[in-house]
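For reference, the structure is listed below as structure tokens.
The values are calculated or read from the model by the stated rules, or taken from the named source; none is laboratory data. Treat the numbers as computed from the prediction; the structure is a model and nothing was measured. All Cβ positions, even for glycine, are placed from backbone atoms using ideal geometry, and neighbour counts span all protein chains on display.
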Amino acid sequence: MYQAPRGTQDILPEDIPYYLHVEEAARKFAALYGYQEVRTPTFEDSGLFRKGTGETTDIVEKEMYSFIDKGNSDLTLRPEATPSVMRAYLQHGLHNQPQPVRLFELLGCFRYDRPQAGRWREFHQFDVEAIGEDDPLVDAELITLFWRFCEALGLGELSLELNSIGDPLCRPLYLEALRTHYSPHLEQLCRDCRRRLATNPLRLLDCKIPTCQPIADTAPAFTDHLCDACSAHFAHLQASLKAEGIVPSVNRRLVRGLDYYTRTVFEMYPPKVGQQAALGGGGRYDGLAELLGGRHTPAVGFASGIERLVLNLKEQGVEVPASSPTVAYIAHVGESAEALAVASNFVRQLHARGISAIRAVGQRSLRARLRHADAAGVHWTVLIGDQEVSAGTVSLRDMAQREPVGVPAAQAIDLIVAAAREHSDDR
Ligand code: AMP
């Protein structure tokens, strides 16, 4: 028997309410903050990610699902949204609109990663991007949106980690300071760190290998090496967050894995912090548009993992709105009852009045029909047997009660419709 591929999952109906809860909150908060939905393709030219996400990132080095299609195009299932959203911005000339252009996307992502709790090869993100403005107020706006969205989901005790990783003016000097710090310790470093010291020294700060920790912990902090403009930007951002009642902890080792970040980087954590625990993260990427061949366009964004959010909702025991079960079940027993059920069009009449209804199928006993109704969680069962056929009525059973009542068919429909309306008014 086939199984779902490693690192993918089937989300069955019982889990769907968690996903709907997250997706509805995402759309609601995006709209509240003035972000408009965009949908970009599931695959893109591989070059978009090699250039945009960056050749030295884990994603591009090890995790991309790339393939050559029948027309010889080199394509990649998107591992993240930001390069696609920026490509769309550039391709469609969105710089002509009032800036920043505020966009969000709910999307599937693909990374050939080692599957573990909270880490999948196919996963979903709520991605939010503000393109075309470098004011730190926009960084603060996005972080606030993310924070309030997590709070509204019911996730408690959030923490926000923040750092600044400078710009092309101050970064070379900081990287020099990093290299000077690390050079005497080459022997103790893991293989990746030794290699990255030449290709991408910032990444040494977020290495998780135990022997590298003491060296990373004593590395110089970027926040002590920022140029005046970056330093002012970072201070302004922190002040704006404070005004929102959000107090981040500055984590000097937070760099994020992607090449395009400049200045602001941040990650959001739930209370139980583990290696796979980030609810999401993001930052500013003022150089990405130029990397992709566009003109200079400052931008900032974040992405939050939907599966990660759901995992935390479950861990924290947050109750989410249940999905509505089918309201009515039309259950005939015997052939003449089936003929009546079909001829009287119960199901169609209920559907026409906006009530969900299903019809029994196959030949089963009354008991089996009721078991089915119970298991399906329907509110009402319309029972039609030989007795009802001869009396010209149906037996209407409110599944919360034991005894059915005999009523004329038309009345059964009116009763169900009225009860369903009352029920939805109560909610
Ligand atoms: P990143 O672009 O790697 O910073 O990812 C942003 C967010 O997406 C992370 O904080 C996670 O919440 C989520 N995420 C990233 N990779 C995975 C994955 N392999 N499986 C599930 N969620 C992921």
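Within the stretch 223-245, residues that are within 11 Å of P136 (Cβ to Cβ) sit with their Cβ atoms under 6 Å from residues that are assigned to a helix (DSSP H, G or I) and at pLDDT 95 or above, at 6+ positions apart or across chains, in these pairs: H233/P136; H236/P136; L237/P136; L237/D139; L237/A140; S240/L137; S240/A140; L241/A140. Within the stretch 233-262, restricting attention to residues that are more than 23 Å from the chain's Cα centre (by Cα) and β-branched (V, I, T), the residue that is farthest from the ligand (Cβ to nearest atom) is V247. Give me the residue from the stretch 41-76 that is of a type in the set (V, I, T) and in contact (Cβ under 8 Å) with a residue 24 or more places away in the chain and, out of that set, surrounded by the most Cβ atoms within 10 Å (Cβ to Cβ). The qualifying residue surrounded by the most Cβ atoms within 10 Å (Cβ to Cβ) is T53. Listed by first and then second residue, the pairs with beta-carbon distance under 7 Å, at least 6 apart or on different chains, first residue in the stretch 294-308 and of a type in the set (K, R), second within 8 Å of the ligand (Cβ to nearest atom), are R308/G118; R308/L279.
Just give me the residues in the stretch 127-137 being more than 9 Å from the ligand (Cβ to nearest atom) and either under 27 Å from L311 (Cα atoms) or not β-branched (V, I, T) (or both), in sequence order. V128, E129, A130, G132, E133, D134, D135, P136, L137 - these are the residues of the stretch 127-137 that are more than 9 Å from the ligand (Cβ to nearest atom) and either under 27 Å from L311 (Cα atoms) or not β-branched (V, I, T) (or both).
Every condition in (1) closer than 26 Å to F146 by Cα; (2) at pLDDT below 95; (3) not acidic (D, E) holds for A31 except the one numbered (2). Of all residues assigned to the stretch 159-169, none qualifies as being surrounded by 18 or more Cβ atoms within 10 Å (Cβ to Cβ), within 19 Å of R253 (Cα to Cα) and out of contact with any strand residue (DSSP E or B) (no Cβ under 9 Å at 6 or more places or on another chain).
Would you check if A331 is assigned to a strand (DSSP E or B) and under 27 Å from H379 (Cβ atoms)?
Numbers: assigned to a strand (DSSP E or B): yes; under 27 Å from H379 (Cβ atoms): yes.
Yes.
Is it fair to say G280 is within 12 Å of the ligand (Cβ to nearest atom), closer than 19 Å to V138 by Cα, surrounded by fewer than 23 Cβ atoms within 10 Å (Cβ to Cβ) and modelled with pLDDT of 95 or more? If you could, list the steps in order and put the result at the bottom.
On the way: within 12 Å of the ligand (Cβ to nearest atom): yes; closer than 19 Å to V138 by Cα: yes; surrounded by fewer than 23 Cβ atoms within 10 Å (Cβ to Cβ): yes; modelled with pLDDT of 95 or more: yes.
Considered against the rule, which asks whether it is within 12 Å of the ligand (Cβ to nearest atom), closer than 19 Å to V138 by Cα, surrounded by fewer than 23 Cβ atoms within 10 Å (Cβ to Cβ) and modelled with pLDDT of 95 or more, G280 comes out as yes.
The condition of being basic (K, R) and within 15 Å of the ligand (Cβ to nearest atom) holds for only one of R119, R191, that being R119.
In this structure, does Y285 turn out to be modelled with pLDDT under 95, within 16 Å of the ligand (Cβ to nearest atom), more than 23 Å from A25 (Cα to Cα) and surrounded by 20 or more Cβ atoms within 10 Å (Cβ to Cβ)? Criteria not met by Y285.
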